[in-house]
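A short worksheet on the structure shown next.
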Amino acid sequence: MSSALKILLIYTGGTIGMVKNYESGSLTAFNFDSLLKNIPELNQLDCKIDHISFENPIDSSNMNIEHWVELVSIFEDNYSKYNGFVVLHGSDTMSYTASALSFMLENLGKPVILTGSQLPIGDLRTDAKENLITATQLAALQENNEPVLQEVGLYFEYKLYRGNRTTKINAEHFEAFNSPNYPELVNSGVHLAINSQQLFKRKNKKEKLLVHKQMDRNVAILKLFPGISKDLIAAVLNTRNLKALVLETYGAGNASTEDWFIKMLKNAIENGLHIINVTQCSAGSVVLGHYETSSLLKKIGIINGKDITTESAVTKAMYLLGSEVSSMSFKTIYETSLRGEMS
Ligand code: ASP
């Protein structure tokens, strides 16, 4: 690595940025000015690390569209100045942010690596140091003067995943994330094992970064369960201004074939609502028409979410609605993989 490499570290909040005050025993926000002092190992990476922090760092449960816009604006302003970006983020909604950023950053040619930790950086048994050090190292990886990674990734507990394929699966273990439908991009062991075949390849390298800042919040997620009431479904479908609904169905995209249920969905679709079928299974794919219980959904024009995660499904809907994709082409574009988010 050449020391001319520059990485921008962006702190949004979350457990990773806390230190333990051993006198009081409480956790307090980390002062990023003393980052290198607290993690001297970062000095061994042959790159210059600058950092900025959200003015008011947040627990990621407070993450919202405005924060995503703030983040992409930071990338936009600093894109040409840095070789890679590391985003420190609370783990709770990290998969949503990683998915949203992947859509908001079109033609991304540099790494944006999200990471965080289960234990604060100042804790004795912290997982923060390894996560931060390796995420930074990954953001600085170059080959033939080009960044090796040119997508939004999520690094946690020795694995780099494609961000929009991840989901948080554990609130206790250090291995907090999973990418059930897509292999890891990098495994960190004694060496960094890069799964080159799986890296996202931009279609046209000459295209410049396009930053999208319009995300439409008129979306919803509805998880089906046996016994779900008409009233609940009606309440969701009649939500004012609702434009897209991510419907978490069973197994390979199956749902009740009861008349009232299908009719309600059919009417909503005819009235312009985009309904996206995703599976509530943690792995596998919707296969519309595989069972009779999904044939009717196919017939009424439900959108096939294939093997997309719910996190990606909802942020993709926000992005496409914000991009004002025409109603006619929404389904076709939605069913196309834009950033490697579906197979
Ligand atoms: N509640 C925290 C957050 O998501 C947990 C974490 O940082 O991992 O901000």
*Please indicate, with yes or no, whether at least one residue in the stretch 64-82 is surrounded by fewer than 20 Cβ atoms within 10 Å (Cβ to Cβ), away from the ligand (no atom under 15 Å from the Cβ), part of a helix (DSSP H, G or I) and hydroxyl-bearing (Ser, Thr, Tyr).*
yes
The condition from (1) open to solvent by 10 Å² or more (accessible area, probe 1.4 Å); (2) more than 11 Å from the ligand (Cβ to nearest atom); (3) in a helix (DSSP H, G or I) that ARG125 misses is numbered (3)
Heads up, the strands (runs of 3 or more DSSP E) in the stretch 141-207 (entirely inside) with at least 3 residues that are at pLDDT 95 or above, of a type in the set (A, V, I, L, M, F, W, C) and open to solvent by less than 10 Å² (accessible area, probe 1.4 Å) are 152-156
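Residue-by-condition table, conditions (1) under 18 Å from TYR96 (Cα atoms); (2) of a type outside the set (A, V, I, L, M, F, W, C):
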residue	(1), (2)
GLU270	no, yes
ILE303	no, no
SER312	yes, yes
LEU321	yes, no
SER326	no, yes
Just checking, does the stretch 85-95 include any residue being within 16 Å of the ligand (Cβ to nearest atom), crowded, with 24+ Cβ neighbours inside 10 Å and within 11 Å of the chain's Cα centre (by Cα)? yes
Expected output for the stretch 192-219 (first residue on the phi < 0 side of the Ramachandran plot, partner acidic (Asp, Glu) and assigned to a loop (DSSP other than H, G, I, E, B), Cβ below 8 Å, 6+ apart or cross-chain) is ASN195/GLU184; GLN198/GLU184; LEU199/GLU151; PHE200/GLU151; GLN214/GLU324
Those residues of the stretch 17-58 which are modelled with pLDDT of 85 or more and within 16 Å of the ligand (Cβ to nearest atom) amount to SER53, PHE54, ASN56, PRO57, ILE58
Among GLY289, GLY272, the single one that is more than 15 Å from GLU335 (Cβ to Cβ) and not β-branched (Val, Ile, Thr) is GLY272
Taking the stretch 216-241 and keeping only residues that are open to solvent by less than 30 Å² (accessible area, probe 1.4 Å) and assigned to a loop (DSSP other than H, G, I, E, B), one is left with ASP216, LEU224, ILE228
Per the list (1) touching a residue at least 24 places away in the same chain (Cβ under 8 Å); (2) closer than 23 Å to THR309 by Cα; (3) not small (Gly, Ala, Ser), residue check on TRP260 breaks on (2)
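The values are calculated or read from the model by the stated rules, or taken from the named source; none is laboratory data. Everything numeric in this text was worked out from a predicted model, so none of it was measured. So basically every Cβ, Gly included, is an ideal-geometry build from the backbone, and we count neighbours across all protein chains shown. Surface accessibility is based on the protein's heavy atoms, side chains included, excluding ligands, DNA and RNA. Shrake-Rupley method; radii C 1.70, N 1.55, O 1.52, S 1.80 Å.
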